[in-house]
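Participant: Got a structure for you, questions after.
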Amino acid sequence: MEKIISFCKRRGFVFASSEIYGGFAAVYDYGPYGVELLNNIKSAWFKSMVQENDNIVGLDSAIFMHPKVWEASGHVGGFADPLTECKKCNTRHRLDTMLEEAGISADEKMSAEEINKIFDDNIEKIICPLCKSKDFTKAKKFNLLVQSNLGNLTDDRTKDPVYLRGETCQGIYVNFKNVLDSTRVKVPFGIAQVGKAFRNEITARQFIFRTREFEQMEMQYFVKPEDEMKDYEIWREKRLQFYLDLGIKKENLRWHKHENLVFYAKEAYDIEYNFPFGFKELEGVHARGNYDLTQHSKFSGQDLDYLDPQTNERYIPHIVETSAGAGRTFLAIVSEAYTEEKVEDEERVVLKLPAKLAPIKVAVFPLLKNKPELVSKAKEIFDGLKLEMRVEFDDNGNIGKRYRRQDEIGTPFCVTVDFDSLEDESVTIRDRDTLKQDRIKISKIKDYIKSKLELA
Ligand code: GAP
């Protein structure tokens, strides 16, 4: 993990937030290559939902919502994790995570009484990760919603709190009727959204795995009540396939079934990835029943029934939810792709990303920096590609060094302009993984790369 963290910083993928001020706990910024990779992950997800399924539409709802949304959803009353404090070093910890790490089954959804009972029975096994003490306070439930004073123009900044959304799906539920009335969708249909969510997470460890500001990629699929479990199984399969298609190895993915369900849920599974610190949740797939629309109907006073145009039946649709974290997917993809290996008698770090996710698709090099005719030919190629794909021009250092720099950030192709190029209008194109070099016509570079990107 340390290697990945330092790599992400060194090569401009991820920086600690406000680093010049000493950082800001559990908040991170994505650097020049990081933002490209993150955007590619988010568009792969959006494409897999909205473009590949005729009955799924997109949405971008606001981060701020009416405070009643969070009462209706149950977040004001119950969106809380069990918090305990080490009496020796005064650090705060999530008790469910500490129990799980000690091999004891626990869940953040348990009541304070339930989890404290398990805590008492296993008190000897729980050790403070910082000072190694075994002396803790009883756990209490700590609400994770982040508050703001948006719209409060008084001096009392605690009055009428407005929340930053704790999950993006609530924006989908409250727009269910708008989407139904403004488009031609019919049940079953889905609404997909990518956006920021905020949680006052108790522990701020594990890099971008658990952050207080993060992005979710959520799709809510509205179905006939009797179809819920059938569609749930279909979505479980599709979601696992999504990660396999992004190049994650099957053996690094597994399902975790939730035994402790919230009362309205029918079934909930997590897709877990084998992160450098072990298997942990990457995405949740949930059969949520009709709880969400029922609650919003009750709290808003609006009718959120669906009238089936074929059968004239009226019902509140049930929901199958797929909920992934963009940052967690980023961390899984980088962990999977990061490779140290020996090639041509040299050690190299290479990010073996699928080409469609690579921040830079192709790098263009003039063989020698001090030969204006090579530089201008390489610039011409660079200019011809840059509006179609992300390209980098590099004339600094020997070719070997330039290859290594591109290998590290996962660039699948490097094009070198040499003296022959001036005569035969051809270049050398080198493959990041096989190291194979092909000689191709300059006029064919675009098609060559595009065909490889489609296959990737
Ligand atoms: N709407 C359902 C929901 O929000 P969740 O299990 O709380 O369910 C879904 O979150 C996904 O969001 C997780 O699987 C994870 O990928 C991501 N996620 C949740 N909390 C996160 C955090 N603090 N930092 C980064 N990603 C997080």
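Computed from the coordinates by the stated procedures, all read-outs in this text should not be read as laboratory data. All values reported here derive from a predicted model rather than from experimental measurement. Cβ: placed from backbone, ideal geometry, glycine included. Neighbour counts: every protein chain shown.
Participant: To the nearest 0.05, what FRET efficiency results for residue 439 and residue 15 with a Förster distance of 41 Å applied to their C-beta separation?
Facilitator: The value I calculate is 0.55.
Participant: Still on this structure: Counting pairs of alpha carbon atoms under 8 Å apart in space and at least six apart in sequence, what relative contact order in percent does the chain give?
Facilitator: 13
Participant: If you take the C-alpha gyration tensor of region 1-103, multiply each eigenvalue by 5 and take the square root, what semi-axes do you get, largest first, in whole Å?
Facilitator: 31, 27, 16
Participant: Also, quick follow-up: Taking θ = phi - 60°, what integer Hz values does the Karplus form 6.51 cos²θ - 1.76 cosθ + 1.60 yield along region 305-320, in sequence order, with x for Gly and Pro?
Facilitator: Using θ = phi - 60°, the values come out as 5, 10, 9, 5, x, 8, 9, 6, 6, 10, 7, 8, x, 8, 10, 9 Hz.
Participant: Which aspartates and glutamates have a Cα less than 18 Å from the Cα of residue 140, not counting those fewer than 8 places away in the same chain?
Facilitator: Hits, sequence-local ones excluded: 81, 85, 96, 100, 107, 108, 113, 114, 120, 121, 201.
Participant: On to the next question. By counting other Cβ atoms within 10 Å of each Cβ, how are 169, 89 ranked from fewest to most?
Facilitator: 89, 169
Participant: Also, quick follow-up: Below 20 Å, Cα to Cα, which lysines can residue 132 reach? Residues fewer than 8 away in the same chain don't count.
Facilitator: In chain and number order, the partners are 87, 88.
Participant: Per-residue ellipticity at 222 nm for the chain, helices alone: DSSP H runs ≥ 4 residues times -39500 (n - 2.57), over residue total, nearest 500 deg cm²/dmol?
Facilitator: Per the formula, -9000 deg cm²/dmol.
Participant: Now, a different point. Treating cross-link reach as a plain straight distance, find the lysines whose alpha-carbon is under 22 Å from the alpha-carbon of residue 386, omitting any fewer than eight places away in the same chain.
Facilitator: Cross-link targets: 42, 356, 361, 369, 377, 441, 444, 446, 450, 452.
Participant: Also, quick follow-up: Can you put 29, 107, 96 in order of Cβ neighbours within 10 angstrom, beginning with the fewest?
Facilitator: 29, 107, 96
Participant: List the Cys residues of the chain that have no partner Cys with a C-beta closer than 4.7 Å.
Facilitator: 8, 169, 414
Participant: Further question: Taking neighbour Cβ counts within 10 Å as the exposure measure, how do 436, 450 sort from fewest upward?
Facilitator: Listing 436, 450 from fewest to most nearby Cβ atoms yields 436, 450.
Participant: Sticking with this one: For region 283-322 and region 32-93, compute the distance between their C-alpha centroids and round to whole Å.
Facilitator: Between the Cα centres of region 283-322 and region 32-93 lies a distance of 21 Å.
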